[in-house]
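Since the structure comes first, as structure tokens, the remarks are kept for the end.
The values are calculated or read from the model by the stated rules, or taken from the named source; none is laboratory data. Only a predicted model underlies this, so the values are computations on that prediction, with no experimental measurement involved. Cβ sites come from the backbone with ideal geometry, for glycine too, and all protein chains shown count toward neighbours.
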Number of protein chains: 2
Amino acid sequence: MQLDRFTHRLAAGVGLAGAALLTVSMLAQEVRPPAIRFTTEEAFDAASVPAYAGKHDEVYKHIEANIQGHVSELQRWVRQPSVSAQNRGIAEMAKLLADDLRTLGFKEVAIVPTSGHPGVFGFYDAGMPRTLLVYMMYDVQPEETGWQTPAFDGTLKDTELGRVLMARGATNQKGPERAFLNALDSIIKVQGKLPVNLLVVAEGEEELGSPNYSEVIEKYEARLRKADGVFFPLNAQDQTGAVSLPLGVKGNLSIELEASGGVRGGPTRAEIHSSLQAIVDAPAWRLTQALASLVSADGNTILVPGYYDQIRQPSPEEERLVNGVVRGSSPAREEAMRKGIGVDRFIDGLSGRDLFARWLFTTTMNINGIWAGYTGEGMKTILPHVARARIDSRLVPNQTPDQQLDLIRKHLAAKGFSDVRVTKLAGYAPAQTSVETPIVRAAIGVFNKHGVTPTVMPRLAGSAPYYIFTDRLKLPMVMGGMGHGSGAHAPNEYIVIEPSTGSKVAGLAQIEKWYVDFLHAFGTMN
Amino acid sequence: MQLDRFTHRLAAGVGLAGAALLTVSMLAQEVRPPAIRFTTEEAFDAASVPAYAGKHDEVYKHIEANIQGHVSELQRWVRQPSVSAQNRGIAEMAKLLADDLRTLGFKEVAIVPTSGHPGVFGFYDAGMPRTLLVYMMYDVQPEETGWQTPAFDGTLKDTELGRVLMARGATNQKGPERAFLNALDSIIKVQGKLPVNLLVVAEGEEELGSPNYSEVIEKYEARLRKADGVFFPLNAQDQTGAVSLPLGVKGNLSIELEASGGVRGGPTRAEIHSSLQAIVDAPAWRLTQALASLVSADGNTILVPGYYDQIRQPSPEEERLVNGVVRGSSPAREEAMRKGIGVDRFIDGLSGRDLFARWLFTTTMNINGIWAGYTGEGMKTILPHVARARIDSRLVPNQTPDQQLDLIRKHLAAKGFSDVRVTKLAGYAPAQTSVETPIVRAAIGVFNKHGVTPTVMPRLAGSAPYYIFTDRLKLPMVMGGMGHGSGAHAPNEYIVIEPSTGSKVAGLAQIEKWYVDFLHAFGTMN
């Protein structure tokens, strides 16, 4: 998934001590990022949420008795390639998902055409008071070089972590998704029907940035709005077994800046010999200057007037959540976090709550890529006729992509860079659910029953278009589950099926049991 | 050759009217480029140099009688690939050149090992008072896609321009070089010996930037210093037959700037997820800011303190040369020049003498290439751990590469960018010969005999390491000859062998006759 898996894991391992207010040491020339202010030292304690008390021993037994078959179901899914970027196996996987839903007893199942790859819709009517909307993605990333075993073979492999399923999609996202369906199957086999009604709305373009998912939503919008909450099954445990439960995501604005020759000067057709730069304007300089105008010399303060204006201070709930994360951490864990990402120091030497506040509550302006001219071996003395950069900006409440884009355009025009073309590539608002919502409390309660109190974060620093659920459909959302995997978007992706002795990571059986409990908890929540 | 062939052709077609002083309309924040001042309206007129009066009819007749064989000699040369970048046919071509020199009667011939591809040295002792040092390059650029005929087939092809030899190296540089040897052969066959002693010093790495040519020079330095001048045979006619005779070249400083993560922040190992930019410094921003600090917002004024300080005003001779070029031009030719390079306007709307002065008398700071992060299709939301740019700066008298590099380093350090690493890739001083030297007057006289009065320019805007000849060996240098070719470093490179009716372009026979005249003129110059 596009949600940063790394950020996700990282969040679980954050070690943040100290409680000083955020001070912005690098002052901007014209604008300053907002200081993130904390008004309380109270901390949210997820352990205070009562553990889920329901018992579903017969379903548990069914899972244990059938676990080999359940593993085979995961293998069946990962063995069907469904690479959205290459349109490889997409139609087959959409059909496989739809067929599986029908087999489970979903009476209404449809493959939903879109402008891109199709979505899959399913409705299971249990005649129950609560309805859960389940978000799924059935596509995967292309396979890379460096795999120890063919990416679509669905190989079981014994590792230090225990027995794992190593395959593309093992953890991102087919593994947890099929595990969730295994849980549904077990409940139905034992109890006859589910404890909730289910709406499944799946897409086959998540790895492409979900460009057409809104078309799927649109078709069923009135019905989806009547759901009581949204769930996205995923492996939320890190390698140590710790669980993070993020309650939201940042939004995103992706743009491309392009400088090229034209009526204001510069070569229009092709690169020219660099000796001509004495008399011909250089688009690469225009791009460089336009980019440089966006941020301070250290790159960490956005100089676009008004860019920070919509950012709100943390709510009392968010303050308590952050304080809770900080209390559960330590300088040693912060050090481990730096080592994990290969960074010697954080911006301005930030640590403790300052670091966490900056990470989750500030917007960013980042160069994803920049390119112009000759970039190969050796030299080529040319004056490039075009220069491009792609920028992404992570948005926090209450920023909106179009408002931020407008500020960038106005700033560039005011600085005299109207010759630098700005193209919007993608953009969506942030999304967030309150820790007080019944669905979130249900999830925490189920985690507590399973012996792992989650680190509850107000949001991830990463982005996903979940505003569709939280803002458009006005539904609370939870993403989570037991289990551990890694290697999303990388070689040797895996999900732990049977953990090694002493590990706190859940195996497939416990992953499924968690889903069983969560569905019941959701069905009976107030 | 690395000398910009295009600039070269362009110079011949420059149309410059008007005579206002250069005004710098874009003022820098801290430094200003020097205004180029003219103190005279006197113009150099190449037609005032008497046409060379010598007659070498017997040699001319020999050339005409043997022209088919001479064409075959050019074909033999271009059919031997000698791609320096790929070390393809280099040893074979070095041997071919050495063997050809021996065949001509050079008594002393050596293949000269260097740290890279070998050079070739040859001495022809005619027992004459004058000695000419002939610079040659025997390597060529790699072949591109888009060739109408295989690049190393040496195909004769009938075109609008007449019959051409289409092949890699046809004009850059094997064609004119082997034509020069054909001229030597014809003189020796008819007259028994050459009218001058010849020192040939060839290299096989010109297309790589001549990294080891000084090793070849060093070996023979004492003898080379005793020559009376340096000659580089080339096709100096443009498509209309007009000839430009540049008396020098700019110098060059090429550097790479690299920003990467380290103790001051930023990812050190690999790219990281861009959501982390909220708390991790971004090398791409540091590079962008460092680059932006080098020049003004329009990219055309260098803000490095002192960067312009060593530039001297045009000498009286240079002023007269520029005035001569301007008089021979027109607004229509200036328009044609813009169309030729695909530019709607020159910097600050420059035209006339202002344009020409800026072109030839100012230094540059140009981005050849810049790259960081993901630059492929679609988006990848990463924070790149390294960002690089390559810059070339064309140097004019009296700038020197190491002095200019030192200024750049000091500027970056003063601006706080000592974390941005600066690596020198190449650097050499400018080179220039006076129009009053006997060798230049000899060349102009021979052009006048052949009915094409050259446009004499103080220098090219392009660069070549000819300071080796002019500064190190203290020798005057001429590069030129009749003939027309194009497509150096591009598909379908050609040299005109037999021009179409009415064309003012010289065919191979006249190219060779020009060399015959030049050698005699040089041998008898005062």
Total residues in region A:427-483, condition part of a strand (DSSP E or B) and either of a type in the set (Ser, Thr, Tyr) or in contact with an Asp or Glu (Cβ under 8 Å, 6 or more places away or on another chain) (or both): 5
A:Gln310 vs. criteria in a loop (DSSP other than H, G, I, E, B), more than 9 Å from chain B (Cβ to nearest Cβ) and not aliphatic (A, V, I, L, M): yes
Residue in region A:375-385 that is crowded, with 23+ Cβ neighbours inside 10 Å, more than 12 Å from chain B (Cβ to nearest Cβ) and modelled with pLDDT of 95 or more present: no
Residue match in region A:2-20 (condition: under 20 Å from A:Glu203 (Cβ atoms), of a type outside the set (Lys, Arg), at pLDDT 85 or above and outside any helix (DSSP H, G or I)): no
Single residue of region B:260-305 satisfying the filter (among the charged types (D, E, K, R) and under 29 Å from A:Ile341 (Cα atoms)) that is nearest to the chain's Cα centre (by Cα): B:Arg286
Any hit, region A:423-433, residues being of a type in the set (D, E, K, R) and within 14 Å of chain B (Cβ to nearest Cβ): yes
Residues located in region A:276-307, provided they are in contact with a Pro (Cβ under 7 Å, 6 or more places away or on another chain) and within 7 Å of chain B (Cβ to nearest Cβ): A:Val280, A:Ala284
Single condition A:Asn398 does not satisfy, out of (1) away from every other protein chain (no Cβ under 14 Å); (2) outside any helix (DSSP H, G or I); (3) under 24 Å from B:Tyr374 (Cβ atoms); (4) not small (Gly, Ala, Ser): (3)
Residues of region A:102-139 classified as among the small types (Gly, Ala, Ser) and crowded, with 22+ Cβ neighbours inside 10 Å, total: 2
Exclusive hit being modelled with pLDDT under 95 and surrounded by 23 or more Cβ atoms within 10 Å (Cβ to Cβ), set B:Gly427, B:Gly481, B:Gly462: B:Gly462
Scan of region B:201-226 for residues that are closer than 22 Å to B:Tyr515 by Cβ and surrounded by 24 or more Cβ atoms within 10 Å (Cβ to Cβ), ordered by number: B:Val201, B:Ala202, B:Glu203, B:Glu206
Qualifying residue in region B:259-275 (condition: farther than 30 Å from B:Phe121 by Cβ, away from every other protein chain (no Cβ under 13 Å) and modelled with pLDDT under 95): no
Members of region B:373-387 that are under 15 Å from A:Arg388 (Cα atoms) and assigned to a loop (DSSP other than H, G, I, E, B): B:Tyr374, B:Thr375, B:Gly376, B:Glu377, B:Gly378, B:Met379, B:Lys380
Which numbered condition B:Ser418 misses (of (1) more than 8 Å from chain A (Cβ to nearest Cβ); (2) closer than 26 Å to B:Asp471 by Cβ; (3) among the polar types (S, T, N, Q)): (2)
Answer residue from region B:57-86, given it is more than 23 Å from B:Glu203 (Cα to Cα) and hydrophobic (A, V, I, L, M, F, W, C) and is nearest to the chain's Cα centre (by Cα) among those: B:Val71
Unique match (being among the polar types (S, T, N, Q) and in contact with a strand residue (DSSP E or B) (Cβ under 9 Å, 6 or more places away or on another chain)) among A:Thr159, A:Thr145: A:Thr159
Residues of region A:242-258 satisfying the condition of being within 11 Å of chain B (Cβ to nearest Cβ) and among the β-branched types (Val, Ile, Thr): A:Val249, A:Ile255
Per-region count, region B:79-101, residues at pLDDT 95 or above, crowded, with 20+ Cβ neighbours inside 10 Å and part of a helix (DSSP H, G or I): 7
Residue in region B:202-218 that is farthest from the other protein chains (Cβ to nearest Cβ), counting only those that are of a type in the set (A, V, I, L, M) and out of contact with any strand residue (DSSP E or B) (no Cβ under 6 Å at 6 or more places or on another chain): B:Ile217
A:Thr362 hydroxyl-bearing (Ser, Thr, Tyr) and either closer than 22 Å to B:Val280 by Cα or without any contact (Cβ under 8 Å) to a residue 60 or more places away in the chain (or both): yes
Residue among A:Ile370, A:Ile391 that alone is part of a strand (DSSP E or B), within 9 Å of chain B (Cβ to nearest Cβ) and more than 17 Å from the chain's Cα centre (by Cα): A:Ile370
Matching residues in region A:342-367 - criterion: being within 9 Å of chain B (Cβ to nearest Cβ) and farther than 22 Å from A:Gly248 by Cα: A:Gly342, A:Val343, A:Asp344, A:Arg345, A:Phe346, A:Ile347, A:Asp348, A:Gly349, A:Leu350, A:Ile367
Any hit, region A:285-298, residues being over 30 Å from A:Leu132 (Cβ atoms), of a type in the set (Lys, Arg) and in contact with a Gly (Cβ under 8 Å, 6 or more places away or on another chain): yes
Those residues of region A:386-413 which are of a type in the set (Lys, Arg) and surrounded by fewer than 18 Cβ atoms within 10 Å (Cβ to Cβ), in sequence order: A:Arg409, A:Lys410
Members of region B:227-283 found to be of a type in the set (D, E, K, R) and surrounded by fewer than 24 Cβ atoms within 10 Å (Cβ to Cβ), listed by number: B:Asp228, B:Asp238, B:Glu256, B:Glu258, B:Arg264, B:Arg269, B:Glu271
The one condition in (1) of a type in the set (Val, Ile, Thr); (2) closer than 19 Å to A:Ala278 by Cβ; (3) part of a strand (DSSP E or B) that B:Ile408 fails to fulfil: (3)
Members of region A:251-284 that are touching a strand residue (DSSP E or B) at 6+ places or on another chain (Cβ under 8 Å) and without any contact (Cβ under 8 Å) to a residue 12 or more places away in the chain: A:Ala278
Checking A:Glu143 against (1) away from chain B (no Cβ under 14 Å); (2) within 17 Å of A:Pro81 (Cα to Cα); (3) of a type in the set (D, E, K, R); (4) in contact with a Ser or Thr (Cβ under 6 Å, 6 or more places away or on another chain), the condition it does not meet: (4)
